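I have a structure here, written as structure tokens, and I will follow up with some questions on it.
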Amino acid sequence: MITFLVLAAIAAWLYTRWDRRPRTGAGTSGIARARQLRTPAVRIADVLNIPTQRGALARRAEIGAQGEQATALLIDPLRSRGWVIMHSLALPSGRTDVDHLAFSPTGAVILPDTKKWSSRYRIRTSGGRLYHGTLDVTDRLKGLRRGAAAVSSALGVPVIPLVVMHGAPIEGGELTVDGIRIVPADRVADVLDRLGRARTGYNAQALADRARAHFPPYTRKHR
């Protein structure tokens with residue numbers, strides 16, 4: 001048993017040292033967060049099937065990253081129709097990011113935020129609050145609000161926040177909570193297409209170039 005633990009510790013340490021390749025793209029922040037949480041001790045616990053809080057948080061981060069990657073696959077085809085699509089951009093604080101940023105050919109700017117929540121419970125509203133089953137999750141929209149405000153301030157144009165929901169069914173098909181629209185993932189491309197038809201008077205390519213200057217791709221170094 002002791003020999004096994006020693007070997008597991010060595011393997012966990014080697015993985016931590018080896019897996020330092022820079023990554024960008026959808027899900028980068030979640031992958032980085034999971035890697036940060038999985039210390040050698042946590043990796044050993046995982047091997048031994050010993051539950052830990054950090055291990056649970058790492059799995060949650062990985063699930064979120066998978067959701068972002070799935071959203072990217074759904075919206076990237078819009079590029080063939082003149083859209084500019086970006087994924088996992090670092091905010092000025094350096095430690096947070098926006099999941100996706102989309103620019104329509106007419107200059108509409110949309111900030112899709114991926115959520116991947118358990119399918120066991122419905123998403124619903126009551127009294128102006130957002131619930132996942134019986135759990136009040138309204139505060140989980142704060143990050144999206146901050147991200148939309150940061151992007152809007154940097155670009156000098158309105159930004160439309162949008163929640164893309166994977167997993168959890170949405171009561172009534174879609175919801176709006178205090179101005180934030182929540183749509184099922186399988187409809188996100190159609191929703192973006194409709195939102196992106198608005199004539200704004202802004203130059204989409206110029207806005208995208210400005211966004212690249214202000215918000216670099218999120219990488220592991222931001223953790």
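Every read-out reported here was derived from the displayed coordinates using simple, explicitly stated rules and does not represent laboratory data. Predicted model, so just to flag it, every value in this text is computed and none were measured. Neighbour counts run over all protein chains shown; Cβ positions are idealised from the backbone, glycine included.
Please list, ordered by chain and number, the residues whose modelled amide H lies under 5 Å from the amide H of ILE180; skip anything fewer than 5 residues away on the same chain.
For ILE180, no residues qualify.
Give the relative contact order (percent, whole number) for the stretch 67-222; include only Cα pairs under 8 Å separated by 6+ residues.
Taking the mean separation of contacting Cα pairs over the length of the stretch 67-222, I get 30 percent.
Okay, next question. Per residue of the stretch 187-195, in order, report the coupling 6.51 cos²θ - 1.76 cosθ + 1.60 (Karplus, θ = phi - 60°) as ³J(HN,Hα) in whole Hz, putting x for Gly and Pro.
10, 4, 5, 5, 5, 4, 4, 5, 4
Rounded to whole Å and sorted largest first, list the principal axis extents of the Cα atoms in the chain.
Principal extents (largest minus smallest coordinate, Cα): 67, 41, 29 Å.
May I ask which residue of ILE50, GLY67, ILE180 lies farthest towards the positive end of the charge dipole of the chain, with charges of +1 (Lys, Arg) and -1 (Asp, Glu) on Cβ and the Cα centre as origin?
ILE50
Computed FRET efficiency, Cβ-Cβ of THR138 and THR52, R0 22 Å: what is it to the nearest 0.05?
Details: r = 29 Å, r/R0 = 1.31.
Working from the Cβ atoms, E equals 0.15.
With everything on Cα atoms, drop me the angle between helix 142-155 and the longest principal axis of the chain, reported from 0 to 90° to the nearest 10.
Tilt of helix 142-155: around 50 degrees.
I would also like to ask the following. Using amide H atoms built 1.01 Å from N in the peptide plane, name the residues 5+ places from ARG122, or on other chains, whose amide H lies under 5 Å from its own.
Placed amide hydrogens put GLY133 under 5 Å from ARG122.
Roughly how tilted is helix 53-75, in degrees to the nearest 10 and between 0 and 90, from the longest Cα axis of the chain?
It works out to around 40 degrees.
Would you compute, from DSSP H runs of 4+ residues alone, the mean residue ellipticity of the chain at 222 nm, taking -39500 (n - 2.57) per run and dividing by the full residue count, rounded to the nearest 500?
-13000 deg cm²/dmol
Could you state the per residue volume, in Å³, of the convex hull enclosing the Cα atoms of the stretch 64-139?
Cα convex hull per residue, to the nearest whole number: 134 Å³.
In degrees from 0 to 90, rounded to the nearest 10, what is the angle of the helix 28-37 Cα long axis to the longest principal axis of the chain?
Helix 28-37 sits at roughly 30 degrees to that axis.
Sticking to Cα atoms, compute the Rg of the stretch 77-207 to one decimal and its Dmax as the biggest Cα-Cα distance, whole number, in Å.
Radius of gyration, then largest Cα-Cα span, for the stretch 77-207: 14.9, 44 Å.
Quick one: Cα centre-to-centre distance for the stretch 74-125 and the stretch 138-159, in angstrom?
Answer, in whole Å: 12.
In addition: Determine ³J(HN,Hα), in whole Hz, for all residues of the stretch 164-173 in sequence, where each value follows from phi through the Karplus function 6.51 cos²θ - 1.76 cosθ + 1.60 and θ = phi - 60°; x replaces Gly and Pro.
Result, rounded to whole Hz: 9, 9, 9, x, 5, x, 9, 4, x, x.
Considering the dipole of the chain built from charges on the beta carbon (Lys and Arg +1, Asp and Glu -1) around the Cα centre, which of LEU144, LEU162, TRP83 is farthest to its positive end?
Of LEU144, LEU162, TRP83, it is LEU144.
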